[in-house]
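Visitor: Have a look at the structure that comes next, please.
The values are calculated or read from the model by the stated rules, or taken from the named source; none is laboratory data. What you see is a predicted model; the values in this text were computed from it and never measured. For neighbour counting, all protein chains shown are included, and Cβ atoms are generated from backbone atoms with ideal geometry for every residue, glycine included. Quick note on the areas: whole protein, heavy atoms, side chains included, nothing else; ligands and nucleic acids left out. Shrake-Rupley method; radii C 1.70, N 1.55, O 1.52, S 1.80 Å.
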Amino acid sequence: MNTRASRLIRYFLISNLLLLVAFPWVGEHFYVGLVMNMMIFGILAMSLDLLIGYTGLVSLGHAAYYGLAGYLLAIISPESEAVSIWLALPFCILGTALAALIIGWFSVRTSGIYFIMITLAFAQMLFYYFNENTDLGGSDGIFIFFKPSVTLGSITLLDLDNHIVFYYFILVCMLLVYFLLRMLLASPFGQVIQGIRANENRTRALGYPTFYYKLVSFVIAGSIGGLAGFLEGMHGGIVSPGHLGWHESGLILMIVILGGMGTLYGPIMGAFAMIFLQDWFQEITVHWMLLMGVFVIAVVLFLPRGIAGLIEDLAAKLDKSVTDSNRPATQKNGESGDG
Amino acid sequence: MMTFFIQLLNSIQYGFLLFLVASGLTLVFGIMGIINLAHGAFFMFGAYLVYWLTGVVDNYFVGILLGLPIMLVMGYVIERLAIARLYQRDHLYQVLLTYGLILILNELQKILWGSDFYSVPVPAVLDGSIALTETQAYPVYRLFISVVCMLVAAGMYVVIARTRLGMIIRAGSVNREMVQSLGININRFYAIVFSAGAALAAFAGMIGAPVSSVYPGMGDQILIISFVVVVIGGIGSVKGAFVGAMIIGLADTFGKVLIPDFASMAVYATMALILMWRPQGLFGRA
């Protein structure tokens, strides 16, 4: 894609961001909550995109970190008062990072279909652990009664119980993750993991210990998934084994593909589209899963590059129609110009 | 001692049932290169079909005979309509498409049969038990399951290793283009393999139905366990699926006896241990 087309995309994304910033002041309470959900899934989908779209590791167990962080938050939150976010957030993120390190240690030495199946099996192992652990609510799940408090000394910095404050808190988290991942991908580390995706043997031949690069990428993705789970635990106020289940992992995978893997902004759009559709289908019929199934299959067959692919094509077309026909043909610029 | 023996028999019976499901999964992957997440849904459909048909015709065996052709057709149609478009695509898309199929099949099951739990009575002929001691006995039906599974496994071996059909299928898994250039329409054989895989899973659901109940989500559970079996055994290896199924049958049954609180985890822990030792599975090609 040429630079002008990518500039068009950037304008489009910035205008979307402005809409997001304005939304809580105009949207109904219910829909503001729904958009929070979308943003949380956006964070989760970006973290999975780091694995699928940039490292070339297709994980079917990514919900494990999302759900685990929710449980860690429930464990560290006392029932009668709020826990300090300075304690809860590092606890949840480091906990999921540790889990990702252990699971990754076994998983990333495999590839392809083995990796898919092993990540799935480990996620199920966690699922059953929480499903059968009655101290943590078993299959019913466990409540998180109070959102963590953000205080400095005795001053409350942010009142997360306020709907609008919490909305912006999630939005800022999403933007932070987005820019963090972009920085990471532009760094030498990011170049190496993208090299692994393109050709792992060649990257290893260049002298990079690919196992450790993949492991670090896996741990980072897991930790960011943990951040999403932490936010969801605060937002929903409950965490249940369903959060770790493989249906959830399948949903995240679907969001990444629907949005367009390897683009970072695509998965965010995928999250918005998917959660919106889910909500809409549920409104139309009790058999909404049927519609969802048909939709998933249609995307796989007819839209393999996802929404981001559509946007790129559209931007390229718009660009062409305004460009002088003598201008040299479009120049490939990879994904670096987006956003 | 006798309890141990009964547990062992249970493990083997469960292992055989797992083998039926897992062998279909591993065959479809080994021969066609397709990851089929909807395999568990076929298992579930088999169980519901036999519940429904047994109610209609009032005979369990006739129910199975009527149900199998339905599953064969269903597998064939799904292969032609959806799976056939995925052969050249990345595994990622296969996972997603078959995930979509699960959503559809699970919902169809709810529309057709609702969300209730059902039980299928053990057929009268096999509704007895063999006394092992004065107080303990082993149900005939469970032995029947093991015997039937062994027969099916033997039949599969004969078809794959000894027939022309099996030869074409094996050749197709090694070099698709070469088989086609010899004038064989490999796509037709892929459709046959896929629908046979669907029927195998459904058959396992059918003969397993009288010992477990028939319920929504039963397919998801067996699917994940079958994945573990296939990963342990080595993806694409039928022999591996057999050994893996037996290991998981033992781990699951004895896990329930030894660590009842976290029995389901025993299976996954076993898998982790085996993969630490052999990442490509016991009989997998690295």
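Visitor: Using just the helices of chain B, give the 222 nm mean residue ellipticity in deg cm²/dmol: DSSP H runs with n ≥ 4 each add -39,500 (n - 2.57), and the total is spread over all residues, rounded to 500.
Guide: Using -39500 (n - 2.57) per qualifying helix, the result is -25000 deg cm²/dmol.
Visitor: How much of A:Asp159 can a 1.4 Å solvent probe reach, expressed as accessible area in Å² and rounded to 10?
Guide: Accessible area, nearest 10 Å²: 80 Å².
Visitor: Still on this structure, I have one more. Given the alpha-carbon gyration tensor of segment B:217-286, what are the semi-axes of its equivalent ellipsoid in whole angstrom, ordered largest first, with each equal to the square root of 5 times an eigenvalue?
Guide: 21, 14, 10
Visitor: Sorted from largest down, what three extents in whole angstroms do the Cα atoms of the protein assembly as shown have along their principal axes?
Guide: So the extents along the principal axes, rounded to whole Å, are 76, 68, 53.
Visitor: Just tell me which aspartates and glutamates come within less than 19 Å, Cα to Cα, of A:Lys147; anything on the same chain fewer than 8 places away is out.
Guide: Qualifying aspartates and glutamates at Cα under 19 Å: A:Glu79, A:Glu81, A:Asp159, A:Asp161, A:Glu232.
Visitor: With point charges of +1 on the Cβ of Lys and Arg and -1 on the Cβ of Asp and Glu, referenced to the Cα centre of the protein assembly as shown, which listed residue (A:Met46, B:Ala272, B:Gly240) lies farthest in the positive direction of the dipole?
Guide: Going by the Cα projections, it comes out as B:Gly240.
Visitor: Using a 1.4 angstrom probe on heavy atoms only, work out the carbon and sulfur share of the accessible area of the protein assembly as shown in %.
Guide: 66
Visitor: What is segment B:28-215's relative contact order, in percent, from Cα pairs under 8 angstrom and six or more apart in sequence?
Guide: It rounds to 43 percent for segment B:28-215.
Visitor: Taking the Cα atoms only, what angle lies between the long axis of helix A:188-198 and the longest principal axis of chain A, rounded to 10 degrees?
Guide: Once rounded, the angle reads 70 degrees.
Visitor: Go through B:Met156, B:Thr98, B:Tyr87 and say which Cα lies farthest out towards the positive end of the charge dipole of segment B:28-215; charges sit on Cβ, +1 for Lys and Arg, -1 for Asp and Glu.
Guide: B:Tyr87
Visitor: Would you please give the residues with an amide H less than 5 Å from that of A:Ser84, counting only those at least 5 places away or on a separate chain, with H modeled from the backbone geometry?
Guide: Hits under the 5 Å cutoff: A:Ser149.
Visitor: Step through the residues of segment A:157-166 one at a time and calculate ³J(HN,Hα) from phi using the Karplus curve (6.51 cos²θ - 1.76 cosθ + 1.60, θ = phi - 60°), rounding each to whole Hz and writing x for Gly and Pro.
Guide: Result, rounded to whole Hz: 7, 9, 9, 6, 6, 6, 3, 6, 4, 5.
Visitor: Something else: Evaluate the charge dipole of chain A about its Cα centre and quote only its size in Debye, nearest 20, assuming +1 on the Cβ of each Lys and Arg and -1 on the Cβ of each Asp and Glu.
Guide: Charge dipole of chain A: 1540 debye, to the nearest 20.
Visitor: Now, a different point. For A:Lys320, list the lysines whose Cα falls under 18 Å from its own Cα; do not include residues on the same chain fewer than 8 positions away.
Guide: Hits, sequence-local ones excluded: A:Lys332.
Visitor: Shifting gears a bit: Quick one: compute the contact order of segment B:217-286, relative version, from alpha carbon pairs under 8 angstrom and 6+ residues apart, as a percent.
Guide: Here the relative contact order equals 37 percent.
Visitor: Determine the distance separating the Cα centre of segment B:250-284 from the Cα centre of segment A:120-177; give it in Å without decimals.
Guide: The distance from the Cα centre of segment B:250-284 to that of segment A:120-177 comes to 31 Å.
Visitor: Here is a further query. Excluding residues on the same chain fewer than 8 positions from A:Lys317, give the aspartates and glutamates whose Cα lies under 18 Å from its Cα.
Guide: A:Glu335, A:Asp338
Visitor: What is the diffusion coefficient of segment B:28-215 in µm²/s, taking the Kirkwood radius over Cα pairs and the Stokes-Einstein relation at 4 °C with a viscosity of 1.567 mPa s?
Guide: Once the numbers are plugged in, D ends up at 71 µm²/s.
Visitor: Let me ask something else about it. Looking at chain A as a GNM with Cα springs under 10 Å, which of A:Leu60, A:Leu310, A:Leu73 has the largest mean-square fluctuation?
Guide: Judging by the Gaussian network model, the answer is A:Leu310.
Visitor: Show that you can apply the helix-only estimate: for chain A, add -39,500 (n - 2.57) for every DSSP H stretch of four or more residues, divide by all residues, and state [θ] at 222 nm to the nearest 500.
Guide: Computed ellipticity for chain A at 222 nm equals -23500 deg cm²/dmol.
Visitor: Right, here's the next one. Report the B-A buried area as the accessible area lost on both sides summed, probe 1.4 Å, in Å² to the nearest 100.
Guide: By this definition, chains B and A bury close to 4100 Å².
Visitor: Give me the angle, in degrees from 0 to 90, between the Cα long axis of helix A:288-302 and the longest principal axis of the Cα atoms of chain A, rounded to the nearest 10.
Guide: 30
Visitor: How far is helix B:263-277 tilted off the main Cα axis of chain B, in degrees rounded to 10, range 0 to 90?
Guide: 50
Visitor: Over the Cα atoms of chain A, how large are the radius of gyration and the largest Cα-Cα distance (Dmax), in Å?
Guide: Computed over the Cα atoms of chain A, radius of gyration and Dmax are 20.4, 71 Å.
Visitor: Let me ask something additional. Which value, in debye to the nearest 20, gives the size of the charge dipole of segment B:28-215 about its Cα centre, when Lys and Arg are +1 and Asp and Glu are -1 at the Cβ?
Guide: Around 740 debye, computed over segment B:28-215.
Visitor: Then there is this: Which of B:Leu112, A:Gly270, A:Phe106 sits closest to the plus end of the dipole of the protein assembly as shown, meaning its Cα is farthest towards the positive end, when Lys and Arg get +1 and Asp and Glu get -1 on the C-beta?
Guide: Toward the positive end, the furthest listed residue is A:Phe106.
Visitor: Take A:Glu79, A:Glu312, A:Glu132 and sort them by solvent-accessible surface of the protein heavy atoms, 1.4 Å probe, largest at the top.
Guide: A:Glu79, A:Glu132, A:Glu312
Visitor: Obtain the nm distance between the two label points defined at A:Phe23 and A:Ser187 by a simple spin-label model: each point lies 7 Å from its Cα along the Cα-to-C-beta direction.
Guide: Modelled inter-label distance: 2.9 nm.
Visitor: Please compute the per residue accessible area over the protein assembly as shown with all protein chains in place, 1.4 Å probe, rounded to a whole number of Å².
Guide: Ligands and nucleic acids excluded, the figure is 43 Å² per residue.
Visitor: State whether segment A:105-205 is rounded, prolate or oblate according to the following rule on the C-alpha gyration tensor (a ≥ b ≥ c being the square roots of its eigenvalues): a/c under 1.5 gives rounded; otherwise a/b larger than b/c gives prolate, and the remaining case gives oblate.
Guide: Oblate is the answer for segment A:105-205, as a/c is 1.5 or above yet b/c matches or exceeds a/b.
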